Amino acid sequence: METVKASVVANNRKSLSIVGQNFGCQYYRPEARQNAVNFDEKKRKIEQDGNVELTTNRATKRYLVKGYDVVSIQLGNDITGSPVVFINKDDQASEVAMPISPDLSKVGQVTEDAVSKALRGDKNIIFSDVEKLVKQCNAANQAEISRIEELKANLDKELQSLQNAIAGNIKKLDDYNHEMNASTNAASGVTVTITED
C-alpha cells in the first residue's frame, strides 16, 4: 500500500470522511451513445456517392446513467506523486482517482459543467446524487426528442409538398388529355391547291 503523508490526512479529515461514507454505495456517471449504428460510416458513404441519399448532419444521442458499486476506497499517489483517493483501484471499468483537497466535499455534486465534462470522457468526475443526474440526462434526452420531432415535422411538410407536386403533374396531364379528346377532329387529309401564274 502506498503511503500518504499524515499531514495530508490531518488537513483533510472532513472531506476524506465524506468520501468514506460512500463505501458500499454507488457512484454514477453519465454516458452518451449514438442511436444510429455506424452513422459516421453511413454518412461518409452518402457523401462519397454524391449526396444523393438523405441523412442528418449527426447521429442522435441517448444519455444514460451508469451506476458503479463502491467496493474499495484507499489513499495513494497518482503518477505525478500527488495524493489521491482511489475508488475501486485497479478495476478498469470503475476506477476513479480524486485529488485530496478540501474540495472533495464537492465531489458528486451535479452541475451542468461537471456533467458536460463527464460526457466528454473525464472518468474522474463522478456523481452521488442519482436523482439530479437522471434529471440532467433526461433533459438532454428530451432535447434530442424535440429535435427529432421538429425534423419529422419539417420532413412531413416536404413530403406533402412532393405529393402535391405529383398530384399537380397528374392533373395537368389529365387536363391535357381531356382537352385533346374533347377537341374536334382535324380533317383527315390536307388539300393543297397549287396555282400557276
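Things to note:
- For segment 6-151, share of DSSP beta bridges that run antiparallel, in % to the nearest 5: 95 percent
- Eligible aspartates and glutamates near residue 157 by straight Cα distance, threshold 17 Å, same-chain separation 8 or greater: 149
- A viscosity of 1.002 mPa s and a temperature of 20 °C, combined with the Kirkwood radius over C-alpha pairs in the Stokes-Einstein formula, give segment 6-151 a diffusion coefficient of 122 µm²/s.
- Chymotrypsin sites (Phe, Trp or Tyr not before Pro) within segment 1-43, DSSP loop, no more than 16 other Cβ atoms inside 10 Å: 23
- Of all the options 125, 170, 87, the one that moves most in a Gaussian network model of the chain with Cα springs shorter than 10 angstrom is 170.
- Shown is the FRET efficiency for residue 153 and residue 122, computed with R0 = 45 Å from the Cβ-Cβ distance and rounded to the nearest 0.05: 0.80.
- Counting only aspartates and glutamates at least 8 places from residue 171 when in the same chain, those with an alpha carbon closer than 17 Å to its own are 179.
- In this rough spin-label picture, where each label sits 7 Å from Cα along the Cβ direction, the residue 72-residue 139 distance is 3.7 nm.
- Label-reachable residues, segment 136-154, where backbone N falls under 12 Å from a point 7 Å from residue 62's Cα toward its Cβ: 141
- Stretch gain in nm, segment residue 146-residue 5, where the contour uses 0.36 nm per residue and the Cα spacing is subtracted: 45.5 nm
- Cross-link partners for residue 14 among the lysines, with Cα-Cα distance under 29 Å and sequence neighbours closer than 8 places in the same chain left out: 5, 66, 89, 106, 117, 123, 132, 135.
- Extension gain, residue 55 back to residue 40 (0.36 nm per residue minus Cα-Cα distance, nm): 4.3 nm
- Vicinal HN-Hα couplings computed from phi for segment 116-125 (Karplus, 6.51 cos²θ - 1.76 cosθ + 1.60; Hz; Gly/Pro x): 4, 5, 5, 5, 7, x, 6, 6, 8, 9
FYI, it's all coordinate maths here, none of it is from the lab. None of these values were measured; they are calculated from a predicted model. Cβ atoms come from the backbone with ideal geometry, glycine included; neighbour counts cover every protein chain shown.
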